[in-house]
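Participant: Could you have a look at this structure, given as structure tokens, before my questions?
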Amino acid sequence: MVPKLLIDALVEAKRVAALTGAGISAESGIPTFRGQGGLWEGYSVEKVATPEGFEKDPAMVWRFYDERRVNISKAKPNRAHEVLALMENFYDMWVITQNIDGLHSRAGSNNVIELHGNIWRVKCTECGISYYNYEVPLREIPPRCKRCSGLLRPDVVWFGEPVYDMDKAYSIAESCDVMFVIGTSAQVYPAAYIPRVAWSHGAKVVEINPEETPVSSYADFIFREPATKAMDEIYKELLKVFQEE
Ligand code: OAD
């Protein structure tokens, strides 16, 4: 059941945003990080997701990312990604994601802020160039820069590194009318501040997550459901209203 008050807020809204995390891609077959079967369960975060871990053993880190690239290459955007893309027809719509899988863009979203980078982009540790590389699996591990032959790293944000485009994300949070918070445990900062900022600037916050998170304590609406089900329900209700108008 989609609350009428949420539909009312969505009918009034001009700018809508979503903060997404690994949970939105779970139904596309990409594992989340925390909890049972999570990606961090079998790996040491310090080894594969820090600049120090990469410095020590770039080949090992690249094998980890190469495996993830192979998995992600087989995944398709799901209904939740699709609905966020379709919402661009109605709103000044923004997706702020912690995911590096690129599925929002593949679903058709144009305004995507990738706070933690993108697994399909590589960055040279020598000359600093960053470019897309879709080779799966990688022929050479660790891969080398096509310009200067320097060591490449995944263009993703590791622990201890600044996230991308945080100023833009804050400005969207401060100015949106509704913010969806989908499939994130809201434990990693600064991303976890974003819905709080939106809420404190008057946006209605909608949490979509089968589990309780710190966002649950202030969210205006909560769907304890998988992302595809909740987003599909919300979109259908929204279409009914917009098509009647
Ligand atoms: P987490 O793995 O911490 O959390 C995933 C969330 O998705 C959990 O709250 C689940 O309950 C929820 N979830 C699972 N299946 C779902 C479904 N079908 N629909 C909706 N929700 C579902 O992932 P993130 O919050 O994205 O950072 O993690 C944030 C950051 O921590 C990641 O970007 C990564 C990680 O360490 C870096 O690598 C820098």
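Participant: For segment 104-245, what mean projected area does the convex hull of the alpha carbons give, in nm²?
Facilitator: 11.1 nm²
Participant: Follow-up. What is the Cα coordinate range of segment 43-170 on the first, second and third principal axes, sorted by size from largest, in whole angstrom?
Facilitator: Each principal axis gives a Cα extent; for segment 43-170 these are 47, 32, 32 Å.
Participant: What are the ³J(HN,Hα) couplings of segment 189-194, residue after residue, when phi is run through the Karplus curve with 6.51, -1.76, 1.60 and θ = phi - 60°? Round to Hz, x for glycine and proline.
Facilitator: Along segment 189-194, the couplings run 9, x, 3, 5, 6, 4 Hz.
Participant: Take the chain, compute every pairwise Cα distance, and split them into 5 Å bins from 0; I just need the percent in each bin.
Facilitator: 1, 6, 13, 18, 19, 15, 11, 8, 5, 2, 1, 0, 0
Participant: I need the phi-derived Karplus couplings for segment 10-16: 6.51 cos²θ - 1.76 cosθ + 1.60, θ = phi - 60°, integer Hz, Gly and Pro marked x.
Facilitator: Here the 3J(HN,Hα) series is 6, 6, 6, 5, 10, 10, 10 Hz.
Participant: Another one. Antiparallel as a % of all DSSP beta bridges within segment 115-217, to the nearest 5?
Facilitator: The answer is about 60 percent antiparallel.
Participant: Based on the Kirkwood radius over alpha-carbon pairs, what is the Stokes-Einstein translational diffusion coefficient of segment 16-81 at 10 °C with 1.306 mPa s viscosity, in µm²/s?
Facilitator: 120 µm²/s
Participant: To the nearest 10 degrees, how steeply does helix 166-175 sit against the main Cα axis of the chain, on a 0 to 90 scale?
Facilitator: 0 degrees
Participant: Expressed as an acute angle from 0 to 90° and rounded to the nearest 10, what is the orientation of the C-alpha long axis of helix 58-74 relative to the principal long axis of the chain?
Facilitator: Once rounded, the angle reads 40 degrees.
Participant: Express the C-alpha Rg of segment 155-224 as a ratio against the empirical globular expectation 2.2 N^0.38 Å, rounded to two decimals.
Facilitator: 1.11
Participant: Checking the table 4/240; 4/236; 74/146; 204/240 against a 19 Å threshold on Cα-Cα, which pairs fail?
Facilitator: Too far apart for the 19 Å limit: 74/146; 204/240.
Where a number appears in this text, it was derived from the coordinates with a stated rule and is not lab data. Note that the structure is predicted; figures quoted are calculated from it, not measured.
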